[in-house]
Amino acid sequence: MAHQRGCEPGEVTDLPSFMELLRQLKKNSRLSYRQLERRAAAAGDILPRSTVSSMLGRDLLPRPDLLVAFVRACGEEERVAQWCEARERIARDHAPRAAAQVEVPQQLPRAKARGGFVMRPLSLTIAVIALVVTAVVAAIGAVVGAVAVLDVGPWGRTLPGRAAASVSAGATPPTGWVTIRVADAPGLCLTDGRVRDWRYTPLVAVQRPCDETAPQNTLLEFVGDGRYRIQWHHPDYGTGCLKALTSGQGAGLLEPKDNCDDGSLFSVEPSGELDKGRYVLRVEGQGCVGIRGSSAAPGAEAVMQRCVGKGRQVFLIRAVD
């Protein structure tokens, strides 16, 4: 597809102009957020419509993987490299200037002795503190950047790197493509299914043998503040984010919602020793995810329960290679 007139990434010089150009790209494509999501999925990319809406609604530089998926979905496949170069240029130009540029006199002023202690001018002390703070921040940034690698998940999709454990192995779950297994029966995974008595007809979360969950795949997305979205991706049903239902025939069940903004945010909390990789899935004010009646039967529904942190409320979250 020929590039869209007026969208020239090589010409932008600042972040607001870059984001406005992305909005113009979406407008010129004449595609809805849902259509963009579907086009991205067909190309093997992940592009949730809620994420695109959030990206275009603010002037923050998008992640490289999100930018690539968006540009490709808009029909600019042949110019992906140009868009990425523009992003990198703006990222460099808007990087905060290091405090190390503070000028420190080559010859220190003569110190004044007072009570046996050497006193330095206050302005020099502030400059030294600024240098120390800058070095610490840079070191933290280098560590964080080192764990942000790309990963290839099911269907050949490229995803952001998985989060490393902040305390020790198992302190935080892997993100990206995962399986969520019942800890007491690791051969059973949370996946989509139907309520066994058919009192509620939409797809809901159930436990089934892990080798029978395909073609549905699970994506664990970190959204900040210690909370996660559980996304399901299915070639027939599309993308859905699990929501803990609070009313109606489905009260207490977990249903995948097309609009991820409607999905629940889960606190994924370690259960037992941190290095065991066992977690409880909690929704604030609604309790914890468990298997109805602690059933071992395939097809048993996942439901919200009072948190006890044991039995079939405990899950293993395993990264998919």
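The values are calculated or read from the model by the stated rules, or taken from the named source; none is laboratory data. A quick note: this is a predicted structure, and the numbers were derived from the prediction, not measured. FYI the Cβ positions are ideal-geometry reconstructions off the backbone, even for glycines, and counts take in every protein chain you see. Only protein heavy atoms, including side chains, enter the accessible area calculation; ligands, DNA and RNA are left aside. Shrake-Rupley method; radii C 1.70, N 1.55, O 1.52, S 1.80 Å.
Values computed for the structure shown
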read-out	value
Condition check for residue 300: surrounded by 18 or more Cβ atoms within 10 Å (Cβ to Cβ), in contact (Cβ under 8 Å) with a residue 60 or more places away in the chain, in contact with a strand residue (DSSP E or B) (Cβ under 7 Å, 6 or more places away or on another chain) and not acidic (Asp, Glu)	yes
Selected residue (criterion: farthest from residue 289 (Cα to Cα)) from residues of the range 305-321 that are assigned to a strand (DSSP E or B) and open to solvent by 30 Å² or more (accessible area, probe 1.4 Å)	319
So residue 12, is it touching a residue at least 60 places away in the same chain (Cβ under 8 Å) and either open to solvent by 60 Å² or more (accessible area, probe 1.4 Å) or among the aliphatic types (A, V, I, L, M) (or both)	yes
Residue in the range 267-294 that is modelled with the highest pLDDT, counting only those that are part of a loop (DSSP other than H, G, I, E, B) and surrounded by 14 or more Cβ atoms within 10 Å (Cβ to Cβ)	286
Matching residues in the range 192-206 - criterion: being part of a strand (DSSP E or B) and modelled with pLDDT under 95	192, 193
Wholly enclosed helices (runs of 4 or more DSSP H) of the range 1-81 bearing at least 2 residues of a type outside the set (S, T, N, Q), out of contact with any Ser or Thr (no Cβ under 8 Å at 6 or more places or on another chain) and closer than 23 Å to residue 175 by Cβ	49-56, 64-73
Some residue of the range 216-231 being more than 19 Å from residue 175 (Cα to Cα) and either under 19 Å from the mean Cα position of the chain (by Cα) or open to solvent by less than 30 Å² (accessible area, probe 1.4 Å) (or both)	no
Any hit, the range 280-288, residues being touching a residue at least 12 places away in the same chain (Cβ under 8 Å) and out of contact with any strand residue (DSSP E or B) (no Cβ under 8 Å at 6 or more places or on another chain)	no
Filtered residue count, the range 232-266, keeping only those that are open to solvent by less than 30 Å² (accessible area, probe 1.4 Å) and polar (S, T, N, Q)	2
Subset of the range 306-315 [touching a strand residue (DSSP E or B) at 6+ places or on another chain (Cβ under 8 Å) and under 16 Å from residue 296 (Cβ atoms)]	311, 312, 313, 314, 315
Qualifying residue in the range 182-198 (condition: open to solvent by 20 Å² or more (accessible area, probe 1.4 Å) and among the polar types (S, T, N, Q))	no
Index of the failed condition, residue 264 passing every other in (1) within 22 Å of residue 188 (Cα to Cα); (2) of a type in the set (Gly, Ala, Ser); (3) in contact (Cβ under 8 Å) with a residue 12 or more places away in the chain; (4) not in a strand (DSSP E or B)	(1)
